[in-house]
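Here the structure comes first, spelled out in structure tokens, and everything after it is commentary.
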Amino acid sequence: MIEQSQLIYFIAASAALTLLPGPDILFVITQSISQGKKAGIATASGLCTGVLAHTTAAALGVSALVYKSALAFEIVKYAGAAYLLYLAWHALKESEELISSAPVRENNTFALYKRGIFMNVLNPKVALFFLAFLPQFVNIDSGNVPMQMIFLGIIFMVQAWLIFSAVSVFAGTVGERIIQKPGVGRYINWGKAGIFTFIGIKLALTHK
């Protein structure tokens with residue numbers, strides 16, 4: 001299997017990449033500020049579940065097929081961009097009152113979890129990232145490369161969930177402190193819509 005030193009290096013590299021400003025962490029921060037810690041953790045859980053899907057796809061060679069197929073890449077890319085623009089439109093329609101002022105309902109938590117999965121799975125750049133990143137830490141001599149990649153993907157998923165959850169708690173605490181200010185809900189929803197729009201347009205303009 002993978003050597004201990006190589007595994008430590010993988011975890012360190014994964015944590016650094018997870019903390020870099022990007023669509024996933026911005027998504028978690030936005031949901032946590034606007035809807036609270038529980039909502040942020042639910043979103044993070046969905047994003048990390050998407051990581052497992054991408055890892056399995058990379059291990060089985062599906063990501064390579066998507067990369068080689070220009071049509072498949074474009075379909076996934078534009079589907080993801082359209083979904084993000086839908087989220088932006090939905091954010092603009094939200095009332096001025098922040099949802100974090102009330103407990104997050106169980107059905108809403110599951111909806112946020114699914115939203116995180118969709119956002120991650122519908123981003124072909126994430127699939128290509130794992131296709132390029134995971135093999136660097138695989139020990140060819142140990143054999144069973146797909147299982148090694150899946151194992152590394154699970155490690156990446158766990159560390160990402162821990163970091164995103166910590167970010168959710170911090171951002172949710174910030175959201176609770178500013179929620180009492182009059183009119184702030186409107187600006188946060190506008191900001192959330194702006195972030196979703198930015199990420200969606202950036203994804204739509206992405207090339208291989």
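The values are calculated or read from the model by the stated rules, or taken from the named source; none is laboratory data. Given the structure is predicted, the values throughout are model-derived calculations rather than measurements. Please note: Cβ atoms are built from the backbone with ideal geometry, for glycine as well, and neighbour counts cover all protein chains shown. Each accessible area value is taken on the protein alone, full model and side chains, heavy atoms only, with ligands, DNA and RNA left out. Shrake-Rupley method; radii C 1.70, N 1.55, O 1.52, S 1.80 Å.
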State, to one decimal in nm, how far the label point of residue 90 lies from the label point of residue 19, with both points 7 Å from Cα in the Cβ direction.
-> 3.1
If you rank 84, 7 by how much accessible surface each has, with a 1.4 Å probe, what is the order from largest down?
-> 7, 84
